[in-house]
Each structure stands twice: as structure tokens, then as C-alpha cells.
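Here's the structure we're looking at; comments come further down.
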Amino acid sequence: MIKSGGRLLSRAIIKIPATSTRQASTALHFYQNRQLELYASKETKRLTLRQLVYFGRSMNEERLLKSANYVRTELPVRIAHRLRDIQALPYVVVTQEGVAKVYELYWSAFEKFRNYPPVTTLEENEAFCAFIATLLNEHAPVIPSLSLGLSLSSHYLPPEKLDSFMRRMLISRISRRVLAEHHIALSETFSGRGRQTNGEPHVGIIFTGLNVKRTVEHCAQLLKESPLWIANSSDPSENISRYHRPDVQIDGHIDTSFAYIREHLEYIIFELLKNSMLATHAKHHRGPSLPPIQVTIVAGEYDVAIRISDQGGGLTNTRNQVSKPSDLFSFSHVRNAARLEDSRIGALRTASASEQGLRGTVDEQVGRWQRAQAQERYDSTSNHTQAFHPRIGIGLPMSYIYATYFGGKLELVSLDGWGTDVYLRLPKLGTNLEGIEV
Ligand code: COI
């Protein structure tokens, strides 16, 4: 159900209050809409990875406060653009379960940022970091909520419109979280409370010598320990035993390292390896052995390329219900029929309603699942799906969005009947601006 809460604007208002309060509320809407227009008319100040590293490298109080005030003034502009995007959707989509929830969250965050006073001291910066950390938590269910809302609205939007809307929403969300988390990490380092990073050099959330092979190995190891449900099942009894998961072999330029956001690279590699493992298991589990997944790393002049090859039978088969591989990135049921499957909608509803959403790094998600599983051994009523959402179907589109945020690429090549090659290319110089959609 949509909540008017005095915020949903013109077309989206469904509850008109009685006369005197109606006048006050109309004036309020008018004022709030004016503010929104003001912010939405500003251009976003897009950054490169290199700028984020250089600015954060030699930190002092003045620079930290500058960083805080950049986040304080930039985020409401980015949110205002996206609120405008939601308002431009047909009414039936705006009022859809999930979309309405995100709209409310964004209005609330927009108002809070707009009214947040300038940050002028280190103490004020501490409070500002706590403020953005709270918002980051509150926004954890945004992706499943949006995916749920847009899946349910799939009949009302042409696929190209639906996908470009989702792309803007997701790129922009990633960008806001990067700015917020980077500032929090810089502040922690400055105050001597830096995170555990196993001694790997980093500036804020950017790892300046991110080793690609080690990242692949780490994700492969996590996948040995995480749930992997057979094909489209979410039945825990169908979790594939860790002894029936294919090995991951790595070759190429195995010493490659570059500056990148570790969490983003891990997310993509984890999702791609997971898909390869599932497909390989599905095709070969009755055979004598599982063919390994081959990962090849190549350090080019401008980018780092990673190819993941499996022998899982390819992509354009009946299981995937798409006619070309890139349709797997789509949120529209017209391109990807699986979007409207009952089990997916159900899993999205669970994720959207849970406070966790899809929060955290892949390590944190797998850790949560392990703890829930251990708990389940003692308490048969606990629900492991609260901790790890199976078959939600957004890992691949999200990987695409992460890959392209700083101008990288993700391509799927299906050798139907044999296997899939995935090509991930990430710019290694850090000179690309964030995507135009932020
Ligand atoms: C989001 O996660 O959607 C955000 O916009 C986060 C930001 C408010 C800090």
C-alpha cells in the first residue's frame, strides 16, 4: 500500500485530507516540490576513482571536512534526480508494492540531507558519519524492493524503458553508497579506527593494489562454504554438497593487481562463479566428475580482463528462458520470463521486507548464512532464507551494473550445448568518470 505521508506528489497523492489540513498540505507539497526541482535542476559532480584516491591519500582535518560537505551537498542532488525519475513513471508503477517504499525512503533521505547543517569540526563529522551510516542501513532493502516493484510492473512498461529506469536507479544508488562509505572509511582511518584489511593498502574503500587472483580464490573458497541450491530450487535440502562443486582453476597474468573497490570486484566474481558452479553441477552431476571452471586474468594496457569459462551447457536453454544472453541482465519479463516466477517474487518479498535487504559484502552475507544454519541445528523453526536469499535473480544484472559503473564491461558468450564464457573488463587507470546516470 502507498503511504501518502504528506510527501507523495501531485499524481501520486491518493488520500486527500479534510479542508483546512488540505490547504496546509497542498502548500507543503508545493514547497517540497519546489525544493525537489531546485536540486534536480543541478548537475551531479561526477568523480573518477583516481580523484577519490588522490583526495583521500593525504588526509588532514580540512580535507576531511571538505569530503563531508561534498557528500552532504552532493547526495541530495543525486537523490533528487532519482525522485524525479520515479515521479515520471506511470501511476500504476509508482503505487506498486516496493516502488512506493523506495520513493518514501528517498524522500525522507532527501529531506534529511537538505536540512543537514554544514560540517565544520571533527566532532560534527563523527555525528555526520553516524547519520550516513544509519541511512545506509535503512536503505538496505532498496534493491529487492525495487526489483519486486518493477517485476510486478513489468506489464506496464516497455522493456527498454523499464531497464533504463532500473539502470539509473541502481547506478545512482551504487554511486551514493560509494561516496557515503568512502567518507566513513576515510574518517575511520583519520581517527585511527581503520578497518581490518589484512594489511592490504587502501584509501577509504578503494584498494590500491587489489590482487585479482587472490580475489578469485577468496570468492571460490567462499562459494565452497555458501549455500548453492540446485537449479531453481530454494529448498534447503537441495543445497548442493560442497563435495559436488567444481574446482576453480586460474591462469594468465596471475600477478595482476590494480586500484579498485574490492567489494565491487568480489560481488561480480562471486556471482559469476556461482552461476558457473550451478550450471556445471546441473549438466554434469550424474557424470564421473565435474569439469573445472577456468578463470583467465589478463592485464591489458588500459584494463584488466577476466574470462570465466565453464562447461555448464550455455545460457540460452529452457532453464534460463531467454533468447539472447544479454537478456539475462534485463529486469523485464518480456526479455527474461523468469522475472515473474512465483518463487522469485516470493524471495524478493522476503528480502524487501527484511531489514537486512541484501546488506553487506559477500563475506558478510555468507557469514550470516552460516550463523543462521548453525542456529537452525538447535532451533528447527529458524528460517535460513532470512539470512541469504536464494534465487532472487538480481546477481547477474547487479554484476553488470557494478562492472559498468566506472566504464567497465561485462559480456556473456554462450556456446549452447557446451558452456559459457563471461568476459569482465574493468578500467585499470581509474580515469573514467562515474556513469552518466548517477
Ligand atoms: C541508498 O542506499 O539507496 C542510498 O541512497 C544511501 C544514501 C542515502 C547514503
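Can you tell me which residues in the range 167-213 are of a type in the set (A, V, I, L, M), out of contact with any Cys (no Cβ under 6 Å at 6 or more places or on another chain) and within 12 Å of the ligand (Cβ to nearest atom)? Spell out how you get there, then give the answer.
Residues of the range 167-213 that are of a type in the set (A, V, I, L, M), as a first pass: 169-171, 174, 178-180, 184-186, 203, 205-206, 210, 212.
The next check asks that each one be out of contact with any Cys (no Cβ under 6 Å at 6 or more places or on another chain); those that pass are 169-171, 174, 178-180, 185-186, 203, 205-206, 210, 212.
MET169, LEU170, ILE171, ILE174, VAL178, LEU179, ALA180 - these are the residues of the range 167-213 that are of a type in the set (A, V, I, L, M), out of contact with any Cys (no Cβ under 6 Å at 6 or more places or on another chain) and within 12 Å of the ligand (Cβ to nearest atom).
Selection over the range 49-89 of residues that are without any contact (Cβ under 8 Å) to a residue 40 or more places away in the chain and among the acidic types (Asp, Glu) gives a count of 1.
Checked against (1) buried (at least 21 other Cβ atoms within 10 Å of the Cβ); (2) at pLDDT 95 or above, SER147 passes all but a single condition, namely (2).
Scanning the range 155-214 for residues that are over 15 Å from the mean Cα position of the chain (by Cα) and aliphatic (A, V, I, L, M) yields LEU157, LEU162, ILE184, ALA185, LEU186, VAL203, ILE205, ILE206, LEU210, VAL212.
Quick grid of which residues meet (1) basic (Lys, Arg); (2) away from the ligand (no atom under 14 Å from the Cβ); (3) in the same structural domain as GLU37 (by TED's automatic domain parsing):
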| position | (1), (2), (3) |
| --- | --- |
| GLU74 | no, no, yes |
| ARG84 | yes, yes, yes |
| TYR103 | no, no, yes |
| SER153 | no, yes, yes |
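Looking at the range 115-145 only, could you name the residues that are within 27 Å of ASN33 (Cβ to Cβ) and more than 12 Å from the ligand (Cβ to nearest atom)? Those that are within 27 Å of ASN33 (Cβ to Cβ) and more than 12 Å from the ligand (Cβ to nearest atom): ASN115, PRO117, PRO118.
The values are calculated or read from the model by the stated rules, or taken from the named source; none is laboratory data. In this text, all values refer to a predicted model and were calculated from it rather than measured experimentally. Heads up, the Cβs are rebuilt from the backbone with ideal geometry, glycines too, and the neighbour counts pull from every protein chain shown.
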